[in-house]
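Q: Dropping a structure here in structure tokens format, bear with me for questions.
The values are calculated or read from the model by the stated rules, or taken from the named source; none is laboratory data. Computed from a predicted structure; not experimentally measured. Every residue, glycine as well, gets a Cβ built from its backbone with ideal geometry; the counts of neighbours run over all protein chains shown.
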Amino acid sequence: MHPQRWSGRKGRWKVPAGLALLILAGILLAGAGSGCGDAGGEPRLVEDGPCPVYDDTTAALPRLLYADGTRTLNDRCMVRSSKLNPRIRAVYVNGRPVGFC
């Protein structure tokens, strides 16, 4: 297989689209396992690590409690109006976490 040259620059080589797609898929699959807790498991306790836990397990839409003692401002996802996902990092707004699904 011969690499193709870019039309505007001499000495630069194009990466075939299939190879670029394989590299991107590898990067995405490598990052898929990162995050807090297991994919199907329960969130860990605050003392066990930095992963957040639900503050009230009996509520339909509980807030998340973080290791630093802060609770999320929202009790549901802003996009789908569903339960917050403890494996997705919160964004801090004015020092308070906002959770996502």
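Q: Tell me, please, whether a residue that is at negative phi, in a strand (DSSP E or B) and either surrounded by 13 or more Cβ atoms within 10 Å (Cβ to Cβ) or modelled with pLDDT of 90 or more (or both) can be found in the stretch 37-55.
A: yes
Q: Does the stretch 90-97 contain at least one residue that is surrounded by 10 or more Cβ atoms within 10 Å (Cβ to Cβ), part of a loop (DSSP other than H, G, I, E, B), within 18 Å of the chain's Cα centre (by Cα) and modelled with pLDDT of 85 or more?
A: yes
Q: May I pose another question? What residue, among those in the stretch 58-73 that are within 12 Å of PRO86 (Cβ to Cβ) and part of a loop (DSSP other than H, G, I, E, B), is farthest from the chain's Cα centre (by Cα)? Full working, then the answer.
A: Within the stretch 58-73, the subset within 12 Å of PRO86 (Cβ to Cβ) is 62-67, 72.
Next cut, part of a loop (DSSP other than H, G, I, E, B) only: 62-63, 66-67, 72.
Values: PRO62: 19, ARG63: 18, TYR66: 16, ALA67: 18, THR72: 16 Å.
Among those residues, the one meeting the criterion is PRO62.
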